[in-house]
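Here is the structure we will look at, set down as structure tokens.
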Amino acid sequence: MTALPTLPGFDQSDLSMLVAAARRAIKHAIAPLLDPVDLTPHQGWMILLLRETGPLSLTDLALRMWLDHPTTSRLVHSLEDRHILEINQDPNHGRRILVGISKEGSALTETLFMAAETFRLRLEKGLAPEEKTALRSSLHKLLHNLADMDETASKRKGKARDLDAD
């Protein structure tokens, strides 16, 4: 295997900068696949997630996409307006809705799936299974640390509000 070319500043960049750079690069690389079907990356990922899992509640969809409820709801409604997704009552829970792919959206979903599979193969090219596992484990730790930081910040805000209220 040949050595990878050096990326300027890579060795001096901290992990948060590299994660942000990877996120931007992924969004940039996937855009040409989504332009022909007029989808944003988040819309595309939502459709693919629902293809994989089947219908999900709005809460489960937001959690699986790492998004807040308002953003998830806007994405769902924009795709519902285009007849790609449909919203139905959950037959097992009176107040919950389920978001799923509509019959009209099925053909688009399969086209999108094929493009996504090609993208994933190209993205992961050269990574051994153990490297993928190590990357997933490292990202899990980083996301856990970020969640702890967010929880700590929320508690501080709550205490500050409590003090302000007096």
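Could you say whether any residue in the range 102-114 is within 23 Å of residue 23 (Cβ to Cβ) and in a helix (DSSP H, G or I)? Scanning the range 102-114, I find at least one residue that is within 23 Å of residue 23 (Cβ to Cβ) and in a helix (DSSP H, G or I), so the answer is yes. The residues of the range 50-67 that are assigned to a helix (DSSP H, G or I) and buried (at least 16 other Cβ atoms within 10 Å of the Cβ), listed by number, are 50, 51, 58, 60, 61, 62, 64, 65.
Applying the set (1) on the phi > 0 side of the Ramachandran plot; (2) touching a strand residue (DSSP E or B) at 6+ places or on another chain (Cβ under 6 Å) to residue 50 leaves exactly one unmet item: (1).
Exactly one residue among 70, 36 is surrounded by fewer than 15 Cβ atoms within 10 Å (Cβ to Cβ), at pLDDT 90 or above and assigned to a helix (DSSP H, G or I), and that residue is 70. Residue count for the range 125-136 under the criterion of being in a helix (DSSP H, G or I) and either loosely packed, with under 10 Cβ neighbours inside 10 Å or among the charged types (D, E, K, R) (or both): the result is 5. Please verify whether residue 151 is at pLDDT 95 or above, over 27 Å from residue 28 (Cβ atoms) and in a helix (DSSP H, G or I), treating the condition exactly as stated. For residue 151, the condition - at pLDDT 95 or above, over 27 Å from residue 28 (Cβ atoms) and in a helix (DSSP H, G or I) - is not met. Of the numbered criteria (1) in contact with a strand residue (DSSP E or B) (Cβ under 8 Å, 6 or more places away or on another chain); (2) in a helix (DSSP H, G or I), the one residue 122 fails is (1). Does residue 141 satisfy the criteria of being assigned to a loop (DSSP other than H, G, I, E, B) and either modelled with pLDDT of 90 or more or in the same structural domain as residue 36 (by TED's automatic domain parsing) (or both)? When the stated conditions are applied, residue 141 does not pass them.
The values are calculated or read from the model by the stated rules, or taken from the named source; none is laboratory data. Owing to the predicted nature of the structure, the values given are computational and were not obtained by experimental measurement. We place every Cβ from the backbone using ideal geometry, glycine too, and count neighbours over all the protein chains shown.
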